[in-house]
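One structure is given below, encoded as structure tokens.
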Amino acid sequence: MKKELRIEELTTEQKLGMVLCTNAQRGFSENEIEKMLQMIREHRLGAVWVSRGAPERNEILKKINETADYPILIVGDAEQGYERFTFPTARSLGATGYNEEYAYAYGRVVGYELRELGFNAMNGPVVDLSNVSMRHMGTNAEKVARMACATVRGLHDAGIFSIAKHYPGPGDATIDTHMQEGRNDRPLDELLSYDLLPYFRLMDEGLLDGIMPGHRIVSAVDTERPASLSKKVMGLLRDRGWKGVSLTDALSMMGLVLKYGQKDPTPLCIEAGNDLALPWNVSCEVGYEYLRDGFERGLFSIADLDEAVSHVLLAQHKVNLLSDPKEAPSKEVLDAFNRIPRECVSARYAEGVAPSIPKDGHFLFVLLTERALREDVPAPDAPPFANEWFYPHHVQEMVKKQFPNSDCVFLPEYPSASDNIRLFDKQIPYDGVVYVTSHRMQAYLGRDCLTERVLAVMRALQSTNRIAAVLHFGNPHVMDDVPRCDRFILGYPSEECVGYALSILAGEAEAVGTIPYDDVILRQ
């Protein structure tokens, strides 16, 4: 265990650093990393977020752990797991029927890998109640609350501090706060009994280590400031006696910057009752200057600063308690974690329709890609996709293994006229068309969706019932825009999910997953 800092022994300069979470990210130079380490030596940094894509990430983690003689928070994001242990997003957990065994396994296994790498805190679980994207488990507040508790227990057993997000919830909004200010317009009674239920349940069970506030206006509580900058919204937890740590979402999002500028969100979030500011796209020195400048201008007081520092030191104390070496997950837990990509796959069939298609049939599989690729050209050396889990060339091999008499064609998500003509001409001699679609909203879209161009091609083919099945790996709600189809098989971002779904289509496996909300149309 490391020696813990005492607030009465910290200078004002050290306290200002204690409420900063810097982001060791892509583009950080060796000089910037050294300055970050110097701030740690001076006890002038409360937390470090180490981005998954940061160059020399493992070396940075090692240096932070070797340099810090106090239990600084070292935060990682692992919504899809990390490297050795990955799984198909939070939505897949809901799609297992909200099975708490799988939620615990996720926390225990992924937490163990994070701990091995040098992290001591995870930005999760995601407890947003929404059908907008795959980042959300589902829309049943009670079940999501239970899953969240199971996940955090797994993280704790792995020695990882957890930060639930994105407080207090997105409501029904589809605006992405990376682009502009969003809103949660639920009435106060719904906000308290629905959106906040997972947070209250975690708090009641002593599992709410930390939260990450989002950047939406919560109109029932504060019509002026977004949650991350609102003392009133923070009060919904603080007034109940919660003393955990609040780490803001990235303060570089346009939902804040367009209204408050680049610098002011950092000090304003401390005034609002947050404890760790995450400026995100600036160096630790610049983030520190944002805080010092805001403090000198009176944007937050010494009382605000002391309260925030006390919460950070309590969080560091908890990290210290969790810091003892943890055993590797048991075989039973690993087996449960590895079942998630299969147990989350669900299916919907039209009445009287066989769930499978003939393995020896002659079908054309249309594989949606993120950009123009040819199925008859070898795969590029470098990953061509933001969705690194979905390699059309790999899926093509899986298809040929299950359906040896069938073929594949690649269709980009923004098909040109020539792409469409090529597909229409090629599909003529086949028994039917099977669409394999995927989408993962990262940011800037508001909700998962297929492009209108892709949907237009699907509608054209289905005008004569040419689509035999749609296999979709992403948010089931996307399928509401797809024309009527006899077979829908639904999975999530994982190559193992794809393989299992193809086995279901071939009649060799059964879909046992569920859709974690009830308002999906799936026109059949």
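The values are calculated or read from the model by the stated rules, or taken from the named source; none is laboratory data. All values reported here derive from a predicted model rather than from experimental measurement. Here Cβ is always computed from backbone atoms with ideal geometry, including for glycine, and neighbour counts include all displayed protein chains. For the accessible areas, the whole protein counts, side chains as well, though only heavy atoms, and no ligand, DNA or RNA atoms are used. Shrake-Rupley method; radii C 1.70, N 1.55, O 1.52, S 1.80 Å.
Structural remarks
- Residue-level check: of (1) open to solvent by 10 Å² or more (accessible area, probe 1.4 Å); (2) more than 13 Å from Asp128 (Cβ to Cβ); (3) free of Cβ contacts under 8 Å to residues at least 40 places away in the same chain, Arg186 misses just (2).
- Restricting attention to region 103-125, the residues that are touching a helix residue (DSSP H, G or I) at 6+ places or on another chain (Cβ under 7 Å) and open to solvent by 10 Å² or more (accessible area, probe 1.4 Å) total 6.
- Qualifying residue in region 193-211 (condition: closer than 30 Å to Lys62 by Cβ and surrounded by fewer than 19 Cβ atoms within 10 Å (Cβ to Cβ)): no
- Picking from residues in region 329-351 that are open to solvent by 60 Å² or more (accessible area, probe 1.4 Å) and outside any helix (DSSP H, G or I), the one that is nearest to Pro267 (Cα to Cα) is Arg348.
- Taking residues in region 462-479 that are in contact (Cβ under 8 Å) with a residue 12 or more places away in the chain, and partners anywhere that are aliphatic (A, V, I, L, M) and assigned to a strand (DSSP E or B), the pairs with Cβ atoms closer than 6 Å and at least 6 places apart or on different chains are Arg466/Val433; Ile467/Val433; Ala468/Val434; Ala469/Val434; Leu471/Val436; Leu471/Ile489; His472/Leu490; Pro476/Leu490.
- Where a residue in region 410-422 is under 16 Å from Leu455 (Cβ atoms) and its partner, wherever it lies, is among the small types (Gly, Ala, Ser), with Cβ under 6 Å and at least six apart: Pro412/Ala372
- Of the residues in region 261-274, at least one is surrounded by fewer than 19 Cβ atoms within 10 Å (Cβ to Cβ) and touching a Pro at 6+ places or on another chain (Cβ under 9 Å).
- Pairs meeting the criteria (first residue in region 369-380 and polar (S, T, N, Q), second residue open to solvent by less than 70 Å² (accessible area, probe 1.4 Å), beta carbons under 6 Å, at least 6 apart or on different chains) are Thr369/Pro392; Thr369/Phe410; Thr369/Pro412.
- Residues in region 227-251 that are open to solvent by 10 Å² or more (accessible area, probe 1.4 Å) and under 18 Å from Leu299 (Cβ atoms): 2 in all.
- Some residue of region 403-415 being more than 25 Å from the chain's Cα centre (by Cα), open to solvent by less than 10 Å² (accessible area, probe 1.4 Å), of a type in the set (Ser, Thr, Tyr) and at pLDDT 90 or above: yes
Yes/no matrix, rows are residues, columns are (1) open to solvent by less than 30 Å² (accessible area, probe 1.4 Å); (2) among the acidic types (Asp, Glu); (3) at pLDDT below 95:
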{"site": "Arg459", "(1), (2), (3)": "no, no, no"}
{"site": "Val470", "(1), (2), (3)": "yes, no, no"}
{"site": "Gly474", "(1), (2), (3)": "yes, no, yes"}
{"site": "Ser503", "(1), (2), (3)": "yes, no, no"}
{"site": "Ala506", "(1), (2), (3)": "yes, no, no"}
{"site": "Thr514", "(1), (2), (3)": "no, no, yes"}
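- Test: residue in region 441-451 that is farther than 30 Å from Glu83 by Cβ and either modelled with pLDDT under 95 or touching an Asp or Glu at 6+ places or on another chain (Cβ under 9 Å) (or both): yes
- Scanning region 203-237 for residues that are under 21 Å from Cys149 (Cβ atoms) and part of a helix (DSSP H, G or I) returns Met203, Asp204, Leu236, Leu237.
- Subset tally (residues that are open to solvent by less than 20 Å² (accessible area, probe 1.4 Å), within 14 Å of Gly17 (Cα to Cα) and of a type in the set (Phe, Trp, Tyr)) for region 275-314: 1
- Checked against the criteria, Ala90 counts as in contact with an Asp or Glu (Cβ under 9 Å, 6 or more places away or on another chain), buried (at least 24 other Cβ atoms within 10 Å of the Cβ) and modelled with pLDDT under 95.
- Count of residues meeting criterion [more than 28 Å from the chain's Cα centre (by Cα), assigned to a strand (DSSP E or B) and not hydrophobic (A, V, I, L, M, F, W, C)] in region 464-512: 1
- Looking only at residues of region 23-32 that are surrounded by 12 or more Cβ atoms within 10 Å (Cβ to Cβ) and farther than 16 Å from Val75 by Cα, we find that the one that is modelled with the highest pLDDT is Glu32.
- Single unsatisfied condition, Leu461 versus (1) part of a loop (DSSP other than H, G, I, E, B); (2) closer than 17 Å to Tyr430 by Cβ: (1)
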